[in-house]
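What follows is a structure written as C-alpha cells; I'll ask about it next.
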Amino acid sequence: MADQPPEVQFPASTQNYTEGREGTNIDVIVLHKEQGTNGQVWFQNPAAQVSAHCAIEHDGTIYRCVQDGDTAWQAGKWDVNLRSLGVEHAGYAEQDDVTPAQYEASAQLLAYWAQTHGIPLQHAGQGTQGSWTGGPGVIYHYEVPPPNDHTCPGQTLDMERVIARAQEIIGAEASFGCSYTVTSGDTLSSIARAYQTSVEALQQANGINDPNKIFAGQALKVPCV
C-alpha cells in the first residue's frame, strides 16, 4: 500500500464544496493547473465558488483543501465532481513550469489515491477538449465534456510522467514488504548489500533524505529475500 504523502491542512471554505458524495464511488482523478500560485488560499475565499481536494505548490508542498469523502467543485460538471478527486498544480497552462518537486508530489498523491480508492492508473481521456467518455482513470480537466469548457491544464503538465512515477512508487512499495530494525554499526550501504538492493531504493522506500542519518532501533522497509 502506497503511503499517504505529507499534507498541510488548508481547509477550503465550506461554501466552496459539498459535504459527502451522494453515495457515489470515486474512480477518477482530474489534473489541473491553477493559472497562478497559492490556489489553496483562493479556495478559502467564500466568493471563489471553486475548490480542489489538493493543491501542489512549486516546492512540492501538498495542501489538503477538501477531504476525499467530500465533493470538491473542480471538474465543471456535477456528476464528474461526485466521482472524482481533483489536484491543482501551481503554474500557468501556457507555461512549462511544473517543477520536479511538483511531479514527485503529484505522483505520490496519485499512487496513494489509486490504491486507496481502487482507481486505475491510466489515461482515461483522448487528449482533446471534452473527449473523456466516462471510463475510470486519470484525466485532464479540459477532457471533461460540456458544460465544462475549461482548457486547464493546457499542454504543459505531463500526465504520463506522473502516472509512470506513481506506478513505480506502487511497485517499490510492493517489493519492500519486509522490515529490518537497524542495529548499532549498520549503514544504509551495508543493509542494501544484505538485501540485494540499492541505497537509493532504500532511501526512496523509507523517506530518507540523508543516507548517513539512520539510527539503532529504526525500522526500515526492505525487500523480502
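In terms of Cα to Cα distance under 16 Å, which aspartates and glutamates are near enough to Lys77, apart from those fewer than 8 places away along the same chain?
Partners within reach: Glu22, Asp27, Glu143, Asp149.
Tally the DSSP beta bridges in the chain and give the antiparallel ones as a percent, rounded to 5.
Close to 40 percent.
Let me ask something additional. What residue among Trp73, Val144, Thr116 has its Cα farthest toward the positive end of the dipole of the stretch 50-155, where the charges are +1 on Lys, Arg and -1 on Asp, Glu, each on the Cβ?
Sorting the options by dipole projection puts first Thr116.
Same structure again: If you place +1 on the Cβ of every Lys and Arg, -1 on the Cβ of every Asp and Glu, and leave all else neutral, what size is the dipole of the stretch 1-135 about its Cα centre, to the nearest 20 Debye?
Details: 5 positive and 16 negative charges, 67 e Å.
Roughly 320 debye, rounded to the nearest 20.
Sticking with this one: Grab the eigenvalues of the alpha-carbon gyration tensor for the stretch 32-159, scale each by 5, take roots, and send me the semi-axes largest first in whole angstrom. Please report the intermediate quantities before stating the final value.
Numbers: eigenvalues 72, 55, 52 Å².
Each semi-axis is the square root of five times an eigenvalue, giving 19, 17, 16 Å.
Specify the residue with the greatest mean-square fluctuation among Ile208, Ile139, Ile163, computed from a Gaussian network of the chain linking alpha-carbon atoms under 10 Å apart.
Per the Cα network of the chain with a 10 Å cutoff, Ile208 tops the list.
Another question about this same structure. Tell me, what ³J(HN,Hα) does each residue in the stretch 61-68 have, in order and in whole Hz, if you take phi through Karplus 6.51 cos²θ - 1.76 cosθ + 1.60 with θ = phi - 60° and put x for Gly and Pro?
For the stretch 61-68, the Karplus curve yields 5, 9, 9, 8, 10, 9, 6, 3 Hz.
Can you give the local net charge around Pro136? Use residues other than it whose beta-carbon is closer than 13 angstrom to its beta-carbon, Lys and Arg +1, Asp and Glu -1.
That sum, taken over residues with Cβ under 13 Å, equals 0.
List the residues whose amide H sits under 5 Å from the amide H of His89, counting only those 5 or more places along or on another chain, with H placed 1.01 Å from N in the peptide plane.
Counting only residues 5 or more places away or on other chains, the set is His32, Lys33, Glu34, Ile56.
Something else about it: What's the angle, to the nearest 10 degrees (0 to 90), between helix 159-175's Cα axis and the longest principal axis of the chain?
Result, in degrees: 40.
Specify the inter-centroid distance of the stretch 176-225 and the stretch 71-125, based on alpha-carbon positions, in whole Å.
Spelled out, the Cα-based centre of one part sits 31 Å from the other.
Still on this structure: So, for the chain, what is the accessible surface per residue at a probe of 1.4 Å, expressed in square angstrom?
Ligands and nucleic acids excluded, the figure is 46 Å² per residue.
Helix 100-117 versus the longest principal axis of the chain: what angle, 0 to 90°, nearest 10, using Cα atoms?
80
Using each residue's phi in the stretch 5-12, evaluate 6.51 cos²θ - 1.76 cosθ + 1.60 at θ = phi - 60° and report the 3J(HN,Hα) Karplus result to the nearest Hz, with x for Gly and Pro.
For the stretch 5-12, the Karplus curve yields x, x, 10, 9, 6, 9, x, 6 Hz.
Give me the one-decimal Kirkwood hydrodynamic radius in Å for the chain, with the sum taken over alpha-carbon pairs. Walk me through the numbers before you get to the answer.
Numbers: mean 1/r = 0.0541 Å⁻¹.
Final number for the Kirkwood radius of the chain is 18.5 Å.
When the chain is treated as a GNM, springs tying every alpha-carbon pair under 10 Å, which of Pro145, Pro100, Pro211 comes out with the largest mean-square fluctuation?
Pro211
Using +1 on the beta carbon of Lys and Arg, -1 on that of Asp and Glu, and nothing else charged, what's the dipole of the chain about the Cα centre, debye to 20?
The calculation lands at about 440 debye.
If you roll a 1.4 Å probe over the chain with all protein chains in place, what percent of the accessible area is carbon or sulfur?
Values: 5180 of 10290 Å².
C and S fraction of accessible area: 50 percent.
Further question on the same structure: Going by a 4.7 Å Cβ-Cβ cut-off, which cysteines of the chain have no partner at all?
Cys54, Cys65, Cys152
Output ³J(HN,Hα) for the stretch 36-49: one whole-Hz value per residue in order, computed from phi by the Karplus curve 6.51 cos²θ - 1.76 cosθ + 1.60 with θ = phi - 60°, and x for Gly and Pro.
x, 9, 6, x, 4, 6, 4, 5, 7, 7, x, 6, 5, 6
If you don't mind, another one. If you take the charge dipole of the chain about its Cα centre, with +1 on Lys and Arg Cβ and -1 on Asp and Glu Cβ, which of Ala47, Leu202, Cys178 is farthest toward its positive end?
Cys178
Still on this structure, please answer the following. Taking only Cα atoms and a 10 Å spring cutoff, compute GNM fluctuations for the chain and point out the largest among Val87, Val138, Val50.
Val50
First measure r as the distance between the Cβ atoms of Ser175 and Ala47, then evaluate 1/(1 + (r/R0)^6) with R0 = 41 Å and state the FRET efficiency to the nearest 0.05.
E(calc), rounded to 0.05, equals 0.30.
The values are calculated or read from the model by the stated rules, or taken from the named source; none is laboratory data. What you are looking at is a predicted structure, and each value in this text was computed from that prediction instead of being measured. Every residue, glycine among them, receives a Cβ derived from its backbone with ideal geometry; neighbour counts consider all protein chains shown. With ligands, DNA and RNA removed, areas are computed over all heavy atoms of the protein, side chains included. Shrake-Rupley method; radii C 1.70, N 1.55, O 1.52, S 1.80 Å.
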